[in-house]
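The structure under discussion appears below in the form of structure tokens.
The values are calculated or read from the model by the stated rules, or taken from the named source; none is laboratory data. Note that this is a predicted model, so its numbers are computed, not measured. Don't worry about glycine lacking a Cβ; one is built from the backbone with ideal geometry, like all the others, and counts go over all protein chains shown. All accessible areas refer to the heavy atoms of the entire protein, side chains included, with ligands and DNA or RNA removed. Shrake-Rupley method; radii C 1.70, N 1.55, O 1.52, S 1.80 Å.
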Amino acid sequence: MATVALSACKKEQKITVAANIKAPVISTPTDGTAIAVTVADTAQILTIKWAQPDYGVSAVVSYFVEVDSVGKNFKTYVNLGNQNNTTSLSLSYGTFNSKVMAGLNLTPNALSTIEIRVGSAIYGADTVYSTPVKVALTTLQLNQLWLPGSYEGYNPAAAPTIPALLTNATSYEGYAYFSAAGNFKFTSAPDYNHINYGDGGNGTLTTNGNANGIGFSSAGVYLLDADVTKLTYSATFISTFGVIGTATPQGWNASTPMTYNQATGLWTVTLALVPGALKFRANDAWDINYGPSDANALTGTLIFNDPGAVTIVNAGTYTVTLDMTKTTQKAYAYTIVQN
């Protein structure tokens, strides 16, 4: 038997916990359950249920639901949620998929076997765990998020998209043009029938479909970032992109602005360049800047916050084009053509 001491109003109360505590027992899902997450069912609810443990005393029981890859013995587990005196936990397939993929580094769009267990404790002590149940999980990586909003008539099917990052299956980034001030949401499909990510306040997202959209005060181009596991986002207004460096008219002192084409999504500028270095940056500041993947290439891809610069060899008049559309999983790109 174990004894737990409780203090209240300067009086100490001792309770005796059963020597052989009966751990929780998971009833749903059953061992060997197969779950295949698809875009069509990301809003479907997964409910994990268990029978309560027996501590031999009446007390508030704290529960925590954990998941890990099979054979890892919960050394690198992901917490799916916590409950007090409630013997079930519900979350959408989409949320479950995002948490497990990110936390366990599972291969996207592939079958993995995972284990789920329920732990319980009273008064922060006497922790016991259920026998794990195995689940055959086919993960889903959403390649993009849709951006429906007031600016385009709240029509997800016609809305622009931003792609998933190649380095993180649950993070998305891209540039989008909003034609008028208003609000928008991120959606996991080209409709409102699946996961809708609205404004949770202070840079957070919520999956409550009735939540307000994310407001923006000006028409124009925005750099959008969203993490559907952490439920965070950012929306940075881009007043302009420009070129800067020793090859440009203002050297490193200031950017030479480029012009945005709403129809093509491209930024362009025609200007005189001299031998030297050239980089791209937004808003005439260094918070958002890009260097080339190959400093010697006049056509190529860009790397965020890279210290390198394109090398201009010959003086002359050039047309510089910046492609930040990235509507699929490709790198941002540039071309520098001598006229």
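When a/c is below 1.5 the answer is rounded, else prolate if a/b is larger than b/c, else oblate, so apply that to the stretch 253-328 with a ≥ b ≥ c taken from the square roots of the Cα gyration tensor eigenvalues.
rounded
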Round to a whole number: what % of the accessible area of the chain belongs to carbon and sulfur, probe 1.4 Å? 50
Under the rule a/c < 1.5 gives rounded, and otherwise a/b versus b/c splits prolate from oblate, where does the stretch 235-276 land using the Cα gyration tensor? oblate
Using DSSP loop states and a limit of at most 13 other Cβ atoms within 10 Å to flag chymotrypsin sites (Phe, Trp or Tyr not before Pro), what is the longest stretch of the chain containing no flagged site? 1-251
Globularity ratio of the stretch 97-193, using Cα Rg and 2.2 N^0.38 Å: 1.53
Quick one: pull the percentage of alpha-carbon pairs in the stretch 139-243 with a separation above 24 Å. 15
Between the modelled labels at Leu165 and Ala51 (7 Å from Cα along Cα→Cβ) the distance in nm is 4.5
Cα gyration tensor of the stretch 55-122, axes a ≥ b ≥ c as square roots of the eigenvalues: rounded (a/c below 1.5), prolate (a/b > b/c) or oblate? prolate
Residues with beta-carbon under 14 Å from that of Gly182, excluding Gly182: net charge, scoring Lys, Arg +1 and Asp, Glu -1? -1
Net +/- balance of residues flanking Trp146 in space, Cβ distance below 9 Å, scoring K and R +1, D and E -1: 0
With r defined as the distance between the Cβ atoms of Ala125 and Lys22 and R0 fixed at 22 Å, what FRET efficiency is calculated, to the nearest 0.05? 0.85
Efficiency of FRET from Cβ geometry, Asn73 and Asn155, R₀ 45 Å, rounded to 0.05: 0.40
The chain: longest segment with zero exposed trypsin sites (Lys or Arg not before Pro), where exposed means DSSP loop plus at most 14 other C-beta atoms within 10 Å, is residues 76-229
With an 8 Å Cα cut-off and a minimum separation of 6 or more residues, compute the relative contact order for the chain in percent. 11
Rounded to the nearest 0.05, FRET efficiency between Thr264 and Tyr192 (Cβ-Cβ, R0 25 Å) equals 0.30
Computed over the stretch 128-167, the relative contact order (Cα-Cα under 8 Å, seq sep at least six) in percent reads 33
Among [x] 69, 18, 15; [y] 49, 26, 14; [z] 52, 21, 19, which is the computed semi-axes √(5λ) of the Cα gyration tensor in Å? [z]
If one compares the long axis through the Cα atoms of helix 93-104 with the longest principal axis of the Cα atoms of the chain, the angle in degrees, nearest 10, works out at 80
Distance in nm between label sites at Ala315 and Gln338, each 7 Å beyond Cα in the beta-carbon direction? 1.3
Relative contact order [Cα under 8 Å, 6+ residues apart], the stretch 237-294, whole percent: 38
Accessible area expressed per residue, the chain, with surrounding protein chains retained (probe 1.4 Å, Å²): 47
